[in-house]
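Each reported figure results from applying straightforward, stated rules to the coordinates on display, with no laboratory input. Keep in mind that this is a model prediction, so the values were computed, not measured. We place every Cβ from the backbone using ideal geometry, glycine too, and count neighbours over all the protein chains shown.
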Amino acid sequence: MEEKILEILKELTLEEKIGMIHGDGLFQTKGVERLGIPPLKMSDGPMGVRCEFENDKWVPSGNTDDYVTYLPSNSAVASTWNRELARLEGRVLGEEARGRGKDVILAPGINIKRSPLCGRNFEYMSEDPFLTAEEAVPLIQGIQESDVASCVKHFAVNSQETERLWVEPLVSDRALQEIYLPAFEHAVREGGAWSIMGAYNLLKGEHCCQSPFLLKDMLREQWGYDGCVISDWGAVHDTKKAAEGGLDIEMSVTDNFDEYFMAEPLKKEIAEKHIDESMVDEKVKNILRLMFRTKMLEGERKSGAYNTPSHRKAALDVARESVVLLKNEDGRLPLKREGLKKLLVVGENAAHTHSDGGGSAEIKALYEITPLMGLKSQLGGNVQVDYIRGYDSCIEEKGEGPNWQETSLEHGGGTVRQEAEAGEEAQERRRRLRLEAAGLAAHYDDVIFIGGLNHDYDLEGQDRKDMKLPYGQDELIESLLEANPATVIVLTAGSPVEMHSWADKAKAIVWSWYAGMEGGNALAEVLLGDTNPSGRLPETFPVRHMDCPAHCIGEFPGGKTVDYREGVYVGYRYYDTENIKVQFPFGYGLSYTTFEYEKIELLEDAEGVMSGAEVRVYLRNTGKYKGKETVQLYISPCSPSADRPVHELKGFEKTELAPGECAEVRFRLAEKDFAYYDENKQKFIAESGRYEIQIGASSRDIRLRTEICLKPVLGK
Ligand code: BGC
């Protein structure tokens with residue numbers, strides 16, 4: 001391949017090479033017809049393949065041939081804690097991208113969730129780098145099985161939307177190495193991602209798409225990356241820096257393609273000998289490599305497909321395992337089908353579709369089963385299902401039109417959401433809707449409230465102001481619980497919301513992410529007991545956003561710079577170390593059955609633990625239903641000399657067990673799992689000494705413990 005790349009390179013004129021390294025359409029570059037080099041075609045990502053736009057306008061083509069499978073969001077995928085489902089999601093995305101004639105799918109999003117308020121959290125996986133990497137790697141591999149490149153985004157430290165174009169996170173090297181970079185490193189090293197997208201924000205004084213630190217030192221030198229770096233749309237600001245900083249393709253949101261920094265301006269700089277043409281050659285080599293890998297230039301390229309029955313089944317499989325049962329007192333759930341004659345469903349999200357919102361992640365879904373539709377169709381007409389909205393979102397102004405992206409980079413690219421105060425009329429309507437719903441709720445044995453957020457809140461280019469449920473839902477939930485204390489509370493959202501005012505009163509709380517076109521069916525199955533819930537939270541649900549470290553130090557969303565002073569204390573690393581009360585902890589989720597963690601065994605390798613150890617855990621289903629448990633392994637240093645979080649996730653395994661059945665779950669540990677990043681030595685160090693190995697059902701529910709002693713290895 002490398003020889004062929006050099007041969008092609010020799011044939012190309014500067015003009016042709018320049019055409020290949022910048023957008024010549026909103027989602028494609030220029031090809032070189034005389035040499036059989038096609039344009040590179042891209043599409044968003046990550047919940048399916050986005051609709052077709054006109055080449056030079058953010059105007060949807062309006063055809064009916066670009067409906068697709070709407071897949072569960074990345075937060076939903078992470079919530080399954082199931083690597084095989086992540087692979088399945090990737091496979092569908094890859095096949096659909098190929099089926100739609102794309103070469104690159106702009107997915108997955110793997111930024112670390114530093115704050116619950118980041119508007120794009122629904123596109124990201126977790127607050128934890130290990131979980132993110134474990135889900136991202138198979139997802140990327142799944143995509144690329146279809147001869148389509150995954151474009152992992154947004155590299156790096158892109159953890160907020162406010163001022164997203166100009167904000168500079170000030171992050172310690174340790175936090176970079178331990179928290180913000182590892183998932184990207186795994187994505188390219190193990191996932192083998194053929195492309196990666198540079199982020200909008202700055203890092204170490206430079207925009208990420210022009211950052212020699214990120215794109216050269218880390219990506220290419222340390223991680224040995226030979227793939228293609230694509231800019232986020234409009235993330236380039238300087239010709240020389242972009243040309244020399246390690247970026248390969250510049251994309252943007254405007255139609256002045258020839259004026260892009262890496263178009264005519266670059267040609268001019270080369271002509272004037274300010275930039276060496278060899279810079280362009282490097283980029284073209286990386287692009288050609290991607291083209292060979294995706295079989296765009298030779299070999300038999302796989303054909304894809306979209307909207308197949310098996311894709312819809314996959315969307316359902318992922319959705320099923322992403323639903324998280326947060327509370328279930330007195331066995332309130334599942335609903336007992338027997339004797340169920342009448343059911344009241346309350347809440348706008350029961351009947352709302354979400355696929356067409358969120359920003360660039362919007363999907364033109366072939367269909368989307370709402371929770372109400374899922375419940376009705378699964379109850380099959382023999383149960384009277386009544387629906388009442390209870391609240392409505394109309395008083396909030398709706399998102400902009402379909403071509404919002406054209407102006408999306410104005411005003412720094414993002415803000416904090418400004419709430420429209422509900423006027424008197426709106427408040428009166430809310431009150432009426434609430435009273436009407438509560439009045440009805442008293443007359444039903446079974447009431448399900450389905451509310452939460454929507455893509456007016458979980459949205460690109462905008463962070464939330466706080467974690468409060470909008471549209472007066474707290475009051476509504478309180479009224480419903482008063483009228484009918486058995487009311488089941490279901491929330492659909494892409495990021496956590498405050499629940500403290502009513503969580504203690506509710507008997508059952510269920511969490512559903514934006515779970516794709518089959519999300520409503522998956523949720524209904526869980527509520528009716530046809531699926532035993534097995535989702536686990538991939539992020540902590542704090543009580544309030546001010547409990548989150550980024551917020552309590554006053555560094556979110558910040559100004560032009562944001563000081564990530566919390567360092568590595570992100571998510572549970574902070575809450576658990578500081579013993580902060582949380583609403584629901586990281587890794588948490590209930591099942592309709594129960595599991596007993598019976599025993600832990602530690603087998604150290606003969607040469608000593610520096611080379612590895614095996615941990616075996618014996619787990620039994622002690623309940624009445626078949627169910628899946630996610631066994632989590634955390635490592636906790638007993639007396640570290642460095643400042644370290646109380647524990648960190650280093651392993652997890654999801655296992656299905658029949659009632660009474662017992663399973664052995666195995667984990668391998670290596671030296672790197674004990675390490676932290678030493679800023680003075682500029683490398684990871686695994687200190688010798690004692691470590692506790694904790695086996696838990698969440699970060700706050702450690703069931704078994706054992707100790708391991710890491711011995712110094714001679715000569716180290
Ligand atoms: C987003 C990217 C997306 C790109 C293309 C940008 O606004 O940040 O995630 O892939 O647009 O739509």
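Select from the range 139-168 the residues that are in a strand (DSSP E or B) and over 18 Å from residue 460 (Cβ atoms) and write down the one among them that is farthest from the ligand (Cβ to nearest atom). Spell out the reasoning first.
Looking only at the range 139-168, we keep the residues that are in a strand (DSSP E or B), and these are 149-155, 168.
Add one more test, that the residue is over 18 Å from residue 460 (Cβ atoms), and what stays is 149-150, 168.
Details: 149: 13, 150: 12, 168: 17 Å.
Among those that are in a strand (DSSP E or B) and over 18 Å from residue 460 (Cβ atoms), it is 168.
Is the range 196-207 home to any residue that is more than 15 Å from the ligand (Cβ to nearest atom), under 22 Å from residue 77 (Cα atoms) and surrounded by fewer than 24 Cβ atoms within 10 Å (Cβ to Cβ)?
Among the residues of the range 196-207, not one is more than 15 Å from the ligand (Cβ to nearest atom), under 22 Å from residue 77 (Cα atoms) and surrounded by fewer than 24 Cβ atoms within 10 Å (Cβ to Cβ), which makes the answer no.
Residue-by-condition table, conditions (1) in contact with a Gly (Cβ under 6 Å, 6 or more places away or on another chain); (2) assigned to a loop (DSSP other than H, G, I, E, B):
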residue	(1), (2)
623	no, yes
636	no, no
644	no, yes
655	no, no
687	no, yes
692	no, no
702	yes, no
706	no, no
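Just to check your reading of the model, which residue among 683, 672, 650 is crowded, with 18+ Cβ neighbours inside 10 Å, among the basic types (Lys, Arg) and under 18 Å from residue 178 (Cβ atoms)? Show your work before the answer.
Working: 683 fails: crowded, with 18+ Cβ neighbours inside 10 Å; 672 fails: crowded, with 18+ Cβ neighbours inside 10 Å.
Residue meeting the stated conditions: 650.
May I ask you to list the residues in the range 184-221 that are of a type outside the set (A, V, I, L, M, F, W, C), touching a residue at least 12 places away in the same chain (Cβ under 8 Å) and more than 21 Å from residue 414 (Cβ to Cβ)? Show your work before the answer.
First, the residues of the range 184-221 that are of a type outside the set (A, V, I, L, M, F, W, C): 185-186, 189-192, 195, 198, 200-201, 204-207, 210-212, 216-217, 220-221.
Keeping just the survivors that are touching a residue at least 12 places away in the same chain (Cβ under 8 Å) gives 185-186, 189-192, 195, 198, 200-201, 205-207, 210-212, 216, 220.
Correct list: 185, 186, 189, 190, 191, 192, 195, 212, 216, 220.
With of a type in the set (Gly, Ala, Ser) and within 16 Å of the ligand (Cβ to nearest atom) as the only criterion, which of 479, 408 stands out?
On the way: 479 fails: within 16 Å of the ligand (Cβ to nearest atom).
Step by step, each of 479, 408 is checked, and only 408 is of a type in the set (Gly, Ala, Ser) and within 16 Å of the ligand (Cβ to nearest atom).
Among (1) crowded, with 24+ Cβ neighbours inside 10 Å; (2) closer than 30 Å to residue 457 by Cβ, where does residue 254 come up short?
Here residue 254 meets the rest and fails (1).
Working only within the range 101-133, note down all residues that are within 24 Å of residue 49 (Cα to Cα), touching a helix residue (DSSP H, G or I) at 6+ places or on another chain (Cβ under 6 Å), away from the ligand (no atom under 15 Å from the Cβ) and not polar (S, T, N, Q).
Selection gives 112, 113, 133.
Taking residue 355, is it closer than 21 Å to residue 455 by Cβ, more than 14 Å from the ligand (Cβ to nearest atom) and either touching a residue at least 12 places away in the same chain (Cβ under 8 Å) or hydrophobic (A, V, I, L, M, F, W, C) (or both)?
On the way: closer than 21 Å to residue 455 by Cβ: yes; more than 14 Å from the ligand (Cβ to nearest atom): yes; either touching a residue at least 12 places away in the same chain (Cβ under 8 Å) or hydrophobic (A, V, I, L, M, F, W, C) (or both): yes.
Answer is yes for this residue.
Which ones in the range 526-575 are surrounded by fewer than 22 Cβ atoms within 10 Å (Cβ to Cβ) and of a type in the set (Gly, Ala, Ser)?
529, 554, 558, 559, 567, listed by residue number.
List every residue pair whose Cβ atoms sit under 8 Å apart, with the two residues 6 or more apart in sequence or on different chains, where the first one lies in the range 230-254 and is in a helix (DSSP H, G or I) and the second, anywhere, is within 12 Å of the ligand (Cβ to nearest atom).
From the range 230-254, the pairs are 242/209; 242/231; 245/209.
I want to confirm something. Restricting to the range 433-477 and keeping residues that are touching a strand residue (DSSP E or B) at 6+ places or on another chain (Cβ under 9 Å) and of a type in the set (Phe, Trp, Tyr), which single residue is farthest from residue 551 (Cα to Cα)?
444
Under 8 Å by Cβ, and 6 or more places apart or on different chains, what pairs join a residue from the range 457-468 that is over 19 Å from residue 355 (Cα atoms) and assigned to a loop (DSSP other than H, G, I, E, B) with one that is of a type in the set (A, V, I, L, M) and away from the ligand (no atom under 14 Å from the Cβ)?
464/117; 464/416; 465/117; 465/416; 466/117; 467/117; 467/497; 468/497
Please note which helices (runs of 4 or more DSSP H) are completely contained in the range 1-81 and include at least 3 residues that are over 21 Å from residue 357 (Cα atoms) and not hydroxyl-bearing (Ser, Thr, Tyr).
Numbers: elements: 2-11, 14-20, 74-80.
Result: 2-11, 14-20.
Given the condition more than 15 Å from the ligand (Cβ to nearest atom) and in contact with a His (Cβ under 8 Å, 6 or more places away or on another chain), answer yes or no: does some residue in the range 217-236 qualify?
As a first pass, look at the range 217-236 and keep what is more than 15 Å from the ligand (Cβ to nearest atom): 217-227.
Filter once more, so that each one left must be in contact with a His (Cβ under 8 Å, 6 or more places away or on another chain): none.
No, that holds for no residue.
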